[in-house]
Amino acid sequence: MTELITMTPKELSRYEIIIKLINKEINGTMAAKQLNLTVRQVKNIKARVKKQGAKGIVHRSRGQPSNRRLKEPKIKQMETLIKKHYADFGPTFAAEKLKKIHHLKVSREKLRRLMVGWDLWQPKPRKKNKKYRIWRARKEQYGEMIQFDGSYEHWFEERAPECCLLAAIDDATGKLSKLEFAEHEGVKPIFSFWQSYLQERGKPLNIYLDRLRTYKQNLKSVVDDPEARTQFQRAMELNLNIKIIHAFSPQAKGRVERLFGTLQDRLIKELRLRNISDMKTANEFLKKEYLDDFNACFAVKPAKRGNLHLSLTQWEKEHLEQIFSIQKTRVVANDFTIRYENKWFQLAEKQPCLVRRKEKVTVEERIDGRIFISLKSRGLIFTELPSRPQKLKMKVVALGGSSQTWKPPANHPWRKAFLIEKAKAERLVSTR
């Protein structure tokens, strides 16, 4: 019976050279140079070919089980652990957990094949890209551009209601700069997020985000007005000089979009393993443990070293709460009251600056709900009224400081003209 021997092109070429050596068409030194082997190796191969024929060229380990193969008890142990704790995990994530928690080292590809055999993983079909997209290179340095977005999801599964995860990822390094759970993607949670971000890391040069109404004015009447800004744009661009870039599609800010795809797979399972069911505990876990672990796994080396975050100035540090407040303009009524969010505030009679009727003042609502009213950068004194004030005819035309009690002395230069006129009048009376 004829034996079929399968050989690679490299082995076939090697066989032809060894045959020439056996037929003494070339010597051992020439054969060693052609095969890029030592003379001793060539002699060993020549001896095997003489004894076994073409089969002597084939590596003797072919078809044999690997010496590094996983032992059957270890495979059974992994199968039991994965079916019990990580049945819905992907192969890569499951391999990480087996190594970190159970001290079982296995490659993700080997585990993928095992999980396919256990009916725990379905191979994903190859994607067919129908649209042509131009790849954008990463920024060169850390802090040059931060991609920011929020994602609504059942992050705690059935253990808690749906909430929003706010994420900031550096474009140059893919490093997660900050993660925080919030109830929604409104102005106050966004302000709270960025206030703590700037205090921890400083100011990035650019922030890349979508066109949500929290970040950009989308009304047709003001969309082309450069002066029409949201509270977020006012705080970042006018007060902090941070450039805001708005994406026109989710693909444009693909780094943060793909991040949420990863987090929706991994973070949900991490929270489940730790039985975390509330945002406060989850935020502590993100800050103390998860960020470092995630960045160690997924962050990349930037094209250039350095950190382009700018430190806050002394003025910015002192006024950071004011910068990250909801600021709106209101008009002082005839009775010196101000209405804001269906609340009424009465201005005190004595103020640090002159306040007139119909004056436009700025009402600042801080993140913690405190209210401040200012005019020309001067804080005004006020009290909140329990109900809407009744309309009254006011005789006061303006509010100001306390009345002046100082009087100039008799010899003061301001009184000089008055004293001269008084002396003339007295001389005129005496001559009569």
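For Ala167, are the conditions met, namely being outside any strand (DSSP E or B) and crowded, with 20+ Cβ neighbours inside 10 Å? When the stated conditions are applied, Ala167 does not pass them. Of note, Leu238 does not satisfy the criterion of being among the hydrophobic types (A, V, I, L, M, F, W, C) and in a strand (DSSP E or B).
Filter the range 212-240 for residues that are in contact with a strand residue (DSSP E or B) (Cβ under 6 Å, 6 or more places away or on another chain) and farther than 17 Å from Met145 by Cα; which is modelled with the highest pLDDT? Filtering first and then ranking leaves Gln231.
Test Lys127 against the criterion of being at pLDDT 90 or above and over 30 Å from Ile22 (Cα atoms), and give yes or no.
So Lys127 does not fit the description; no.
Is there a residue in the range 99-112 that is crowded, with 16+ Cβ neighbours inside 10 Å, charged (D, E, K, R) and either out of contact with any strand residue (DSSP E or B) (no Cβ under 7 Å at 6 or more places or on another chain) or in a helix (DSSP H, G or I) (or both)? Yes, some residue in the range 99-112 is crowded, with 16+ Cβ neighbours inside 10 Å, charged (D, E, K, R) and either out of contact with any strand residue (DSSP E or B) (no Cβ under 7 Å at 6 or more places or on another chain) or in a helix (DSSP H, G or I) (or both). Checked against (1) under 19 Å from Ile326 (Cβ atoms); (2) among the small types (Gly, Ala, Ser); (3) surrounded by fewer than 21 Cβ atoms within 10 Å (Cβ to Cβ); (4) in contact with an Asp or Glu (Cβ under 8 Å, 6 or more places away or on another chain), Gly186 passes all but condition (4). Only a single item in (1) touching a residue at least 12 places away in the same chain (Cβ under 8 Å); (2) in a loop (DSSP other than H, G, I, E, B) is not met by Pro65, and it is number (1).
Tell me whether the range 358-366 contains one or more residues that are in contact with a helix residue (DSSP H, G or I) (Cβ under 8 Å, 6 or more places away or on another chain) and either surrounded by 15 or more Cβ atoms within 10 Å (Cβ to Cβ) or over 30 Å from Leu240 (Cβ atoms) (or both). The answer is yes; a qualifying residue exists. The set of residues from the range 280-307 being within 16 Å of the chain's Cα centre (by Cα) and in a loop (DSSP other than H, G, I, E, B) comprises Ala299, Val300.
Each row is one residue, and each column tells you yes or no for (1) assigned by TED's automatic domain parsing to the domain that holds Glu109; (2) among the aromatic types (Phe, Trp, Tyr); (3) surrounded by fewer than 13 Cβ atoms within 10 Å (Cβ to Cβ); (4) over 30 Å from His102 (Cα atoms).
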| position | (1), (2), (3), (4) |
| --- | --- |
| Leu21 | no, no, no, yes |
| Ile26 | no, no, no, yes |
| Thr29 | no, no, yes, yes |
| Leu37 | no, no, no, yes |
| Lys43 | no, no, no, yes |
| Arg48 | no, no, no, yes |
| Gln77 | yes, no, no, no |
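Would you please name the residue that is modelled with the highest pLDDT, looking only at residues in the range 376-431 that are β-branched (Val, Ile, Thr) and over 49 Å from the mean Cα position of the chain (by Cα)? Out of the qualifying residues, it is Ile420.
The values are calculated or read from the model by the stated rules, or taken from the named source; none is laboratory data. Note that the coordinates shown come from a computational prediction; the quantities given were computed from them, not determined experimentally. When we count neighbours, we look across all protein chains shown, and the Cβ atoms used for this are built from the backbone with ideal geometry, even at glycine.
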